[in-house]
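Input: a single structure, listed below in structure tokens.
The values are calculated or read from the model by the stated rules, or taken from the named source; none is laboratory data. All of these numbers come straight from a predicted model, not from anything done at the bench. Cβ placement follows ideal geometry from the backbone for every residue including glycine, while neighbour counts extend to all protein chains displayed.
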Amino acid sequence: MPINLQYTTNALQDFLSKDPEPVLAFYGGEPLLAWGRIKEIMDKVPAKAFVIQTNGTLLKRVPDEYLKRFHTILVSIDGRQETTDFYRGKGTYRRALEGARYAREHGFEGDLIARMTVSERSDIYEEVMHLLSLQMFDHIHWQLDVLWDDDMNVRWEDFPNWMKKSYNPGISRLVEYWVSHLEKTGEVLGIVPFLGISHTLITGKPVGLRCGAGDDFFSITTDGRITVCPIPPSIDFAKVGSIYSSTPKSIRNKVPLVDPCISCEDRWVCGGRCLYTNRTKWWGEEGFRQVCTTVKHTIRQLKKRIERIKSHVSPDDLFYPKIPNGVEIIP
């Protein structure tokens, strides 16, 4: 798709005017490279809330009055400095934190989220614990770097071994820390997957696809097409309309999940993990199911401790997000 926006702000405004409570999220690439267009949209398009996902390095471009208008800022940071800089380039960790700190110091009072990507060099326990130790972010969530290539071994040396020896054990440690911290202090730490899954386990209410893709969260591409999420702009199944010819109501729920998700016993808690990967399955059925075991493991770890959790919080304490904000409850 074109690198720059091809539609006018008036065309966007006309489309969104048909949604009684639009939430508008700026996404990239790096959206702040186009700060002028973001400012124009924020000035002209009424929205219930504005959200931005950024690497944080250009937040100083945003005047204070606009920082204060954002409901949520997601900053891409992968945990410890050595992990973040390995994947994103030397100095990225420092600049991301400087940007997040700048936003806070200049009036941003909304939800500041550490948005992690977790891959083979990541130690999930160490990365999340480090971000918690900074006492900067309200919430932490992560997406697993899986199922994006047409073969598991394109970038992974040994995903199954990493999953069994690093990721799943790290999740177990992290869940126990989260629950123990709650018991000792009464504080609910903002680890997004644990919040969402625990809320569902306590309420017993089945959930749909948690990221909202194709339901209440869509991507408007730079040429005005609408897709179910930002990942697959060129894949036919994902295209559901256009800002010129569609309404927010007409594009909803056009792309259903397929198996193995729809027949999975944990779907009521998971919701389906990821619509894009459910449809593409680049790693094949077996690779797809291996990734699902990470979700099942997290659910089991929280389920084992759900009585401890229930005794210290109400479901309302765990309900998150309050608005569609782009987080993945299920990594």
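One table, with the values for the structure above:
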quantity	calculated
Out of 185, 117, 92, sole residue that is under 23 Å from residue 299 (Cβ atoms), surrounded by fewer than 22 Cβ atoms within 10 Å (Cβ to Cβ) and either in contact with a helix residue (DSSP H, G or I) (Cβ under 9 Å, 6 or more places away or on another chain) or among the polar types (S, T, N, Q) (or both)	117
Complete set of residues in the stretch 117-161 that are farther than 19 Å from residue 188 by Cβ, touching an Asp or Glu at 6+ places or on another chain (Cβ under 7 Å) and either at pLDDT below 95 or not hydroxyl-bearing (Ser, Thr, Tyr) (or both)	118, 120, 127, 143, 155, 156, 157
Matching entry among 25, 34, 11, 49 (being over 29 Å from residue 91 (Cβ atoms), aliphatic (A, V, I, L, M) and within 25 Å of the chain's Cα centre (by Cα))	49
Evaluation of residue 226 against (1) surrounded by 18 or more Cβ atoms within 10 Å (Cβ to Cβ); (2) modelled with pLDDT under 95; (3) not in a loop (DSSP other than H, G, I, E, B) (one fails), failing number	(2)
Helices (runs of 4 or more DSSP H) lying entirely in the stretch 1-84 (those with 1 or more residues that are out of contact with any Ser or Thr (no Cβ under 8 Å at 6 or more places or on another chain), charged (D, E, K, R) and closer than 22 Å to residue 98 by Cβ)	35-44, 64-67
Pair list, Cβ under 6 Å, 6 or more apart: the stretch 200-219 residue among the hydroxyl-bearing types (Ser, Thr, Tyr), other residue surrounded by 18 or more Cβ atoms within 10 Å (Cβ to Cβ)	200/207; 200/269; 219/227; 219/229; 219/230
Within the stretch 134-169, considering residues that are within 21 Å of the chain's Cα centre (by Cα) and in a helix (DSSP H, G or I), the one nearest to residue 97 (Cα to Cα)	167
